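A.B. asks: The structure follows.
The values are calculated or read from the model by the stated rules, or taken from the named source; none is laboratory data. Computed from a prediction, not measured in an experiment: that's the story for all the values here. Cβ: placed from backbone, ideal geometry, glycine included. Neighbour counts: every protein chain shown. The protein model used for the area step is the full one, side chains on, heavy atoms only, and it has no ligands, DNA or RNA in it. Shrake-Rupley method; radii C 1.70, N 1.55, O 1.52, S 1.80 Å.
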Amino acid sequence: MSANDNSFPSGLRTWLRYRFVPSWWRWAGAVLIALAVVGPVTSVVVTGETAKHGRVSGAGKTIIEGGTGGTAPVPVTTLVAFHADTQGGDFECLALAPSGASGKGSGEFDANVMYVTGKVTSVDADVQHASLRGTATVTGLGAGENVPFTARVTAGGSGATVTLSVSGFTFREILVEGHITID
């Protein structure tokens with residue numbers, strides 16, 4: 001067969017070439033569709049909307065820097081959990097210390113020394129940090145109702161921080177388990 005024959009493969013190629021849009025039109029169409037989809041996202045970035053983060057959530061176990069303080073500090077761990085956005089949220093923090101300062105059982109965190117349970121009423125956040133403010137019921141140390149609190153958190157896993165200010169106390173905590181997310 002010669003190259004000029006109207007063989008089935010060459011006829012099929014010709015038919016396909018005219019039947020379907022040339023490839024550069026397909027690429028142009030794909031680019032236009034992509035721009036239409038990405039366009040709104042790009043305009044949000046340009047207007048700076050992504051800098052206005054509003055969702056914060058996290059949970060984990062922390063250790064309070066310096067424990068109870070003083071010349072013979074006792075270690076204190078906390079279980080912390082929270083979620084908040086521009087509509088509000090919840091904050092929970094349970095502080096536990098060992099019943100005995102030293103000796104047998106001193107490493108068992110079995111004494112509830114403080115519990116903070118509150119409603120978040122405002123969130124101020126950037127990419128790495130967030131401040132949650134609200135009022136809480138506090139039991140144990142600093143007990144009271146409708147007590148204002150502020151929790152400043154950093155995003156991340158182990159090593160992220162929580163600084164809780166409530167009832168005239170400020171607790172600097174380091175996350176040892178869990179994760180904090182700021183959207």
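A.B. asks: It is to be established whether one or more residues within the range 131-141 are closer than 23 Å to D183 by Cβ, hydroxyl-bearing (S, T, Y) and open to solvent by 70 Å² or more (accessible area, probe 1.4 Å).
C.D. replies: Filtering the range 131-141 down to residues closer than 23 Å to D183 by Cβ leaves 131-134.
Adding the requirement that they be hydroxyl-bearing (S, T, Y) leaves 131.
Those left that are additionally open to solvent by 70 Å² or more (accessible area, probe 1.4 Å): none.
There is no residue in the range 131-141 that is closer than 23 Å to D183 by Cβ, hydroxyl-bearing (S, T, Y) and open to solvent by 70 Å² or more (accessible area, probe 1.4 Å).
A.B. asks: Let me ask something additional. I'd like the residue in the range 75-116 that is in a loop (DSSP other than H, G, I, E, B) and closer than 23 Å to V56 by Cα and, out of all such residues, is least open to solvent (accessible area, probe 1.4 Å). Spell out how you get there, then give the answer.
C.D. replies: Quick first cut of the range 75-116, residues in a loop (DSSP other than H, G, I, E, B) only: 75-76, 86-87, 99-108.
Cutting the leftovers down to closer than 23 Å to V56 by Cα gives us 86-87.
Values: T86: 110, Q87: 163 Å².
The qualifying residue least open to solvent (accessible area, probe 1.4 Å) is T86.
A.B. asks: Within the range 130-159, how many residues turn out to be farther than 17 Å from G89 by Cα and under 11 Å from the mean Cα position of the chain (by Cα)?
C.D. replies: 4
A.B. asks: Do you know which residues across the range 157-183 are on the phi > 0 side of the Ramachandran plot and either surrounded by fewer than 14 Cβ atoms within 10 Å (Cβ to Cβ) or in contact with a His (Cβ under 7 Å, 6 or more places away or on another chain) (or both)?
C.D. replies: Initially, the range 157-183 is screened for residues on the phi > 0 side of the Ramachandran plot, giving 159, 167-168, 178.
Scanning the range 157-183 gives G159, G168.
A.B. asks: A further question follows. Would you call A28 part of a helix (DSSP H, G or I), surrounded by 12 or more Cβ atoms within 10 Å (Cβ to Cβ) and at pLDDT below 95? Lay out the reasoning, then the answer.
C.D. replies: Values: part of a helix (DSSP H, G or I): yes; surrounded by 12 or more Cβ atoms within 10 Å (Cβ to Cβ): yes; at pLDDT below 95: yes.
So A28 passes the test.
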